[in-house]
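Trainee: Before I ask anything, let me first share the structure, which is written out below as structure tokens.
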Amino acid sequence: MDPTTPIIEVKNLTHVYSAGTPFEHVAIKDIDLSFRPGELVGLIGHTGSGKSTLIQHLNGLLKPTSGQVLFKGENIWKDKKFTHSVRGKVGLVFQYPEYQLFEETCWKDIAFGPKNQGISGDELDARVRRAAGFVGIGDDLLEKSPFDLSGGQKRRVAIAGVIAMEPDVLILDEPTAGLDAAGRDSVLENIRAYQRAQNAAVIMVSHAMEEVAAICSRLIVMNHAGVAMDGTPAEVFVHSEELTEMGLSVPQVTTVFRLLRERGIDLPADVYTVPYALARLAERKEGRRC
Amino acid sequence: MLKDITLGQYFPGKTVVHRMDPRTKLLLLIVYLVTVFLASTYASAALVIIFLVTVTWLARIPFKSMVKGLKPMLIFILFTAVLNLFYTKGGTLLLDWWIFHIYTEGIKTAFFMVLRIMLLVCGTFLLTYTTSPIALTDALERLLSPLKKIHVPVHELAMMMSIALRFIPTLIEETDKIISAQKARGADFETGSLIRRAKALIPILVPLFVSAFRRADELATAMECRCYHGGEGRTRMKVLRFTRLDLFAFFAGGLLLAAVIVLRHFGL
Ligand SMILES: Nc1ncnc2c1ncn2[C@@H]1O[C@H](COP(=O)(O)OP(=O)(O)OP(=O)(O)O)[C@@H](O)[C@H]1O
Ligand SMILES: [Mg+2]
């Protein structure tokens, strides 16, 4: 497929919860977005800005109040069968996915998704082992009960359960929430491994700016039920004041560089990772010497 | 979505009806129910309707919600109406065809039965619409507290009830989330034979039970950490107190009951 054609498009999407009751609430409003294969997108925004609501539309779990979601150019609500098949092609990993494990063994739990797609026999086993490989779950763990694993391992088994469907688009809602630094790094690395191997589009909701700054190629900022910014991390983090106003933080190096600039030191504004910052500082030092 | 079940759901508000002591409302509901059963004449029924409409208006509950509450009862109401219509004899015969006989008395009885059911349902909804479940449990505990003398564990029962009530929305939300998560993995709950559908519930029930037990465990620990040791010597942060408003409400309720009894006596 041509890498420039979008795999998922969102057109004029609005969702209202509990419409027509006293608890009516507009969660997202007039959203237009498109995602391409191979993209690693970070979705950020303060609590309640509608991130989870938006991503549940992308695989047809929530029905739009108005607007459309297109998968490879086709409306995912076209018919029941298509909606069901899209769920296998757009994999969604919920927040704290380890609470959804239910089978006796990890193998069976990971196999649940592909089995629902109608895969069986050797192909099923191959899929399960491949998915387990992406998240670093060894063969010895596959035969264990998921309830006997550590928190981080459970999380990775749950992610494998979605990866095993081999979706073209992988969406994760705060995949690293509640993990320690090592667990966080390994989950992020697993996600990247899958993205590279399948050239999948990955959308990742996160509250950790350092994390999205380090791995995402594109950032979407949500605010007040709409999309406030959409661009590369450099383009987004330049607006550090606006982000702060929206109740979001920026990576610490970005803040350090901004404070230095305010003191009259001539430094670029688009710095958001430590290695990049070091490179720019080295450049500057050399520039002085010459 | 499961969450959209609104039957008897509390509508937060600050009207006089909301501010009334929940004990008053509970007792008034009992008086109201008795009144509805005593009101067997047109004038007295009209009086009860006026009372209900006034309270609904005072509570600022949309009439639409009342009608919505009646909807699930529709089949039951129709059934009662039909039964009373054909099985009551008396008065003049209006229709005599095959096995169907309709008398004037039948129409009257059917009308009153339907009206009574609707008034009962609306009155009960008015209580649950304007009183939070927690306040209701509190009221129940206070009203039943004399039973403690004969060793009925009133406080423990009330505590269990409020914990259960407190966790209903949480568990519903949790169920919604688990259903969504399993649907995202291609689970299908809507098609297939009954056995297949029952089997499809396993991926929902196992995580739900696991999380319910985890929550129960956490809650028990949290309560123990805050030195909860049952009802003995326990004081309350929000002490229920009767006010002038409650006095007035009791007066209005008593007046309604008396008026209906008087009207009934004169056969109006
Ligand atoms: N099932 C629901 N019923 C009613 N309102 C809801 C429901 N789910 C979410 N909302 C509301 O919609 C808004 C957006 O919620 P959403 O979960 O999409 O936010 P979010 O950006 O994912 O937040 P967070 O960062 O806390 O996960 C919130 O104000 C929330 O209260
Ligand atoms: Mg969320």
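The values are calculated or read from the model by the stated rules, or taken from the named source; none is laboratory data. Predicted, not measured: the structure shown is a model, and the values here were computed from it. Note: ideal-geometry Cβ built from the backbone for every residue, glycine included; neighbour counts use all protein chains shown. What goes into the accessible areas is simple: the full protein's heavy atoms, side chains included, and nothing from ligands, DNA or RNA. Shrake-Rupley method; radii C 1.70, N 1.55, O 1.52, S 1.80 Å.
Trainee: Taking the condition of being open to solvent by 60 Å² or more (accessible area, probe 1.4 Å) and either over 24 Å from B:LYS108 (Cα atoms) or over 21 Å from the mean Cα position of the chain (by Cα) (or both), how many residues in the stretch B:28-46 meet it?
Mentor: 2
Trainee: With respect to A:VAL16, determine if the residue is among the β-branched types (Val, Ile, Thr), in a strand (DSSP E or B) and surrounded by fewer than 20 Cβ atoms within 10 Å (Cβ to Cβ).
Mentor: Against the criterion (among the β-branched types (Val, Ile, Thr), in a strand (DSSP E or B) and surrounded by fewer than 20 Cβ atoms within 10 Å (Cβ to Cβ)), A:VAL16 qualifies.
Trainee: Quick check on A:VAL221: is it more than 14 Å from every other protein chain (Cβ to nearest Cβ), among the hydrophobic types (A, V, I, L, M, F, W, C) and within 16 Å of ligand 2 (Cβ to nearest atom)?
Mentor: yes
Trainee: Please go through the stretch A:1-44 and give me each residue that is away from ligand 1 (no atom under 16 Å from the Cβ) and of a type in the set (Val, Ile, Thr), ordered by number.
Mentor: A:THR4, A:THR5, A:ILE7, A:ILE8
Trainee: Would the stretch B:218-227 turn up any residue that is within 14 Å of chain A (Cβ to nearest Cβ) and more than 24 Å from A:ASP173 (Cα to Cα)?
Mentor: yes
Trainee: Given the conditions (1) open to solvent by less than 40 Å² (accessible area, probe 1.4 Å); (2) of a type outside the set (Asp, Glu); (3) within 11 Å of chain A (Cβ to nearest Cβ), report the number of the one that B:LEU263 does not fulfil.
Mentor: Only one criterion is unmet by B:LEU263, namely (3).
Trainee: B:THR80: in the same structural domain as B:THR35 (by TED's automatic domain parsing), of a type in the set (S, T, N, Q) and open to solvent by less than 40 Å² (accessible area, probe 1.4 Å), yes or no?
Mentor: Criteria met by B:THR80.
Trainee: Another question, then. Of (1) within 14 Å of chain B (Cβ to nearest Cβ); (2) more than 9 Å from ligand 1 (Cβ to nearest atom); (3) not hydroxyl-bearing (Ser, Thr, Tyr), A:VAL69 satisfies all except one. Which?
Mentor: Going through (1) within 14 Å of chain B (Cβ to nearest Cβ); (2) more than 9 Å from ligand 1 (Cβ to nearest atom); (3) not hydroxyl-bearing (Ser, Thr, Tyr) one by one, A:VAL69 breaks only (1).
Trainee: Follow-up. Restricting the stretch A:150-164 to residues that are open to solvent by less than 20 Å² (accessible area, probe 1.4 Å) and under 23 Å from A:ILE119 (Cα atoms), which is farthest from ligand 2 (Cβ to nearest atom)?
Mentor: A:ALA164
Trainee: Which condition does A:THR53 not pass, out of (1) open to solvent by less than 50 Å² (accessible area, probe 1.4 Å); (2) touching a residue at least 40 places away in the same chain (Cβ under 8 Å); (3) closer than 25 Å to A:GLY247 by Cβ; (4) of a type outside the set (A, V, I, L, M), if it passes all the others?
Mentor: Just one mismatch for A:THR53, condition (2).
Trainee: Which condition number does B:GLY186 fail, the rest of (1) in a helix (DSSP H, G or I); (2) modelled with pLDDT of 85 or more being met?
Mentor: Only one criterion in (1) in a helix (DSSP H, G or I); (2) modelled with pLDDT of 85 or more is unmet by B:GLY186, namely (1).
Trainee: Tell me, which residue of the stretch B:137-185 that is within 16 Å of ligand 1 (Cβ to nearest atom) and either of a type in the set (Val, Ile, Thr) or farther than 30 Å from A:ALA164 by Cα (or both) is surrounded by the fewest Cβ atoms within 10 Å (Cβ to Cβ)?
Mentor: Across the stretch B:137-185, the extreme among qualifying residues is B:ILE168.
Trainee: Right, next: Where residues in the stretch A:191-212 are open to solvent by 20 Å² or more (accessible area, probe 1.4 Å) and not hydrophobic (A, V, I, L, M, F, W, C), which of them is nearest to ligand 1 (Cβ to nearest atom)?
Mentor: Selected residue: A:HIS207.
Trainee: All but one of (1) in a loop (DSSP other than H, G, I, E, B); (2) touching a residue at least 40 places away in the same chain (Cβ under 8 Å) hold for A:GLU210; state the number of the condition that does not hold.
Mentor: (1)
Trainee: Looking only at residues in the stretch A:178-190 that are aliphatic (A, V, I, L, M) and modelled with pLDDT of 90 or more, which one is least open to solvent (accessible area, probe 1.4 Å)?
Mentor: So the residue we want is A:VAL187.
Trainee: From A:PRO146, A:PRO175, A:PRO167, grab the single residue that is within 16 Å of ligand 2 (Cβ to nearest atom), within 14 Å of chain B (Cβ to nearest Cβ) and either open to solvent by less than 30 Å² (accessible area, probe 1.4 Å) or not charged (D, E, K, R) (or both).
Mentor: Criteria check complete, one pass: A:PRO175.
Trainee: Here's a follow-up. From B:ARG226, B:ARG241, grab the single residue that is exposed (fewer than 12 other Cβ atoms within 10 Å of the Cβ) and in contact (Cβ under 8 Å) with a residue 60 or more places away in the chain.
Mentor: B:ARG241
Trainee: Here's another thing I want to ask about it. Would you pick out the residues in the stretch A:74-99 that are more than 19 Å from A:THR14 (Cα to Cα) and more than 13 Å from chain B (Cβ to nearest Cβ)?
Mentor: Those that are more than 19 Å from A:THR14 (Cα to Cα) and more than 13 Å from chain B (Cβ to nearest Cβ): A:ASP79, A:PHE82.
Trainee: Still on this structure, I have one more. Which residue is nearest to ligand 2 (Cβ to nearest atom), if the candidates are limited to the stretch A:85-107 and must be surrounded by fewer than 18 Cβ atoms within 10 Å (Cβ to Cβ) and either closer than 22 Å to A:ARG130 by Cβ or at pLDDT below 90 (or both)?
Mentor: A:SER85
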